[in-house]
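Working notes for the structure below.
The values are calculated or read from the model by the stated rules, or taken from the named source; none is laboratory data. The model shown is predicted, which means the values in this text are computed figures rather than measured ones. Cβ atoms come from the backbone with ideal geometry, glycine included; neighbour counts cover every protein chain shown.
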Amino acid sequence: MQARSSRKLSLSYAIIVAILVAFAIVCIMPFWYVMVSSFSDPQLIKEGLFKLLPTGWSLEAYRVVFRDVRFFNGLRITVLRTVIGTALALSVQTMMAYALSKKIPGRRIFMKLVVVTILFNGGIIPTYLVVQSLYLVDTFFALILPMVFNPWNVVLLVSFFAAQPQSVSESAKLDGAGEFTIFLKLSVPLAVPAIATILLFIAVRHWNELMDGVIYINSSNLKPMQVYLIELVMRSTTNTMIEPTEQSLTAISIQTAVIFASCLPILAVYPFLQRFFVKGIMVGAVKG
C-alpha cells in the first residue's frame, strides 16, 4: 500500500516537473529568439535560414544601434527615471504602510481608501488633466510623480509591518527611541524581504512603462527607452534609421538588437533581488 502511494506521488511529481519545464521553455523561447536573432547574420535572416542557434555570427546590428544617439538618450532617461522613481516611490509607500500598520486615528478610513484605488482608478483622460494642471506635461517629473503611489504595494507592506512583533518597538520606546528611529533602524531592516520585493516591482514597472512617455512627453530628449523602441519599429520597417550602405540589415536584426541591449541592465539587477521575492510575498500574506 505504501509502495503504491509512493509510486503515485512520484508519478504526480514527474508530471508537475514536466509541466513546469514546458512552461519555462515557453517563457524563455521569445527571449531566446530575440537574443539569437540579434547575433545572427542579417542576410541569412532575410533569406529565412534562421535557426535556434546564432546563424552566421554578426554584430553589425549592434554597431548600427550603438551609433544611434537616440538609443543612448532613451537609455539615459529610462535609467534615471528607474533609479529616481524607484527611490521616491519606495520611500513614500514604505512610510505610508508603516503608518497604516499602527493604531492611528482614521486608520480604517485610510485603508478603505487605499483598497478602493486598487479596484478603481481615474483613467487616462482624468490622469492627463491632473498632470497637465500641475504643469508636468513634457517634463521629466511626468514620468515619476504619477507612479509614486501604488496601493497594492502599500497593502502588502502594511501586512508585513503589522506582522512584526510589537515588543521590538515597545522596547525601543522604553530606551527613548522616537517613531522615525524605530521605523528606520528596526522596522525597515526587519522588512528587507518585502521592501526588496516592492523595489523589484517598482523598478521593473518604471523600466517597462510606455504609455506615460507617449502621452506626457513631446520632447525627443525626454523620451524613454520604450518610446524609442516603438519609434524604432516604425523607422526600421521603412529603413529610415539605416544608412544607405547598411541596407542589408533587416528590421528584425535592428529591433532585436535594441530590445536585447535594453533588457540587459534590468536582467543584471534581477538575480540579486530574486531571493527576496518569494519570502516577501509569503510573509506579507500571513496577516491581512
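Annotations
- Test: residue in segment 97-113 that is free of Cβ contacts under 8 Å to residues at least 12 places away in the same chain, loosely packed, with under 15 Cβ neighbours inside 10 Å and under 24 Å from the mean Cα position of the chain (by Cα): no
- Per-region count, segment 176-195, residues aromatic (Phe, Trp, Tyr), in contact (Cβ under 8 Å) with a residue 24 or more places away in the chain and surrounded by fewer than 18 Cβ atoms within 10 Å (Cβ to Cβ): 0
- Neighbours by Cβ (under 6 Å, 6+ apart or cross-chain): first from segment 196-207, farther than 12 Å from Val269 by Cα and crowded, with 21+ Cβ neighbours inside 10 Å; second of a type in the set (Phe, Trp, Tyr) and modelled with pLDDT under 90: Thr197/Phe276; Thr197/Phe277
- Checked against (1) crowded, with 18+ Cβ neighbours inside 10 Å; (2) touching a Lys or Arg at 6+ places or on another chain (Cβ under 8 Å); (3) under 20 Å from Arg81 (Cβ atoms), Ser220 meets all criteria but (1).
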